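Participant: Mind looking over this structure? Questions follow.
Any read-out appearing in this document is the output of simple, stated calculations on the displayed coordinates, not a laboratory observation. From a predicted model like this one, the values you see are computed outputs, not experimental measurements. Positions of Cβ are generated from backbone atoms using ideal geometry, with glycine treated the same way; all protein chains shown enter the neighbour counts.
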Amino acid sequence: MTSSTPDPRHEPSTADSGGPTPSPVEDLGPDAPTQPSRRPGLDDHGRVKRTRAGALYAAMAALAVITALFVIFVLQNADSTQIRFLWMEGNVPVAAALLLAAVVGAVLMAVPATIRMSQLRHSLKLSGRQG
């Protein structure tokens with residue numbers, strides 16, 4: 001049995017009157033942001049975003065530390081030592097000999113790596129043309 005008296009707990013809404021149903025989030029159109037607004041400069045977790053300037057500052061600080069360590073290394077290893085290699089012979093500061101060995105080692109590692117990267121790049125270009 002239905003009663004014609006309205007239930008006092010039931011509030012009339014626009015849905016009951018046949019009008020549009022209100023949305024909890026107001027529709028602002030297709031250009032409206034889908035996420036809640038954030039403060040500029042912060043990432044999704046509320047932390048400060050990393051910037052190029054910040055990365056440059058960190059790189060410069062690391063370079064300053066490496067330069068200081070390099071100067072200490074050179075000053076502590078300034079004594080001269082005799083180096084013999086095949087038919088060559090000479091007196092060289094220990095620091096210069098060690099640094100020269102490190103540079104030659106880096107070059108010897110970079111050459112095959114560069115060749116391999118160019119091979120991979122070339123094969124990637126070829127596979128891109130076929131597909």
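Participant: So if R0 is 25 Å, what FRET efficiency would A110 and R50 give, r being the distance between their Cβ atoms, rounded to the nearest 0.05?
Facilitator: Result of the calculation: an efficiency of 0.30.
Participant: On to the next question. Measuring from label point to label point, each 7 Å out along Cα→Cβ, what is the L120 to A68 span in nm?
Facilitator: Each label point is offset 7 Å from its Cα along the Cβ direction, giving 3.6 nm.
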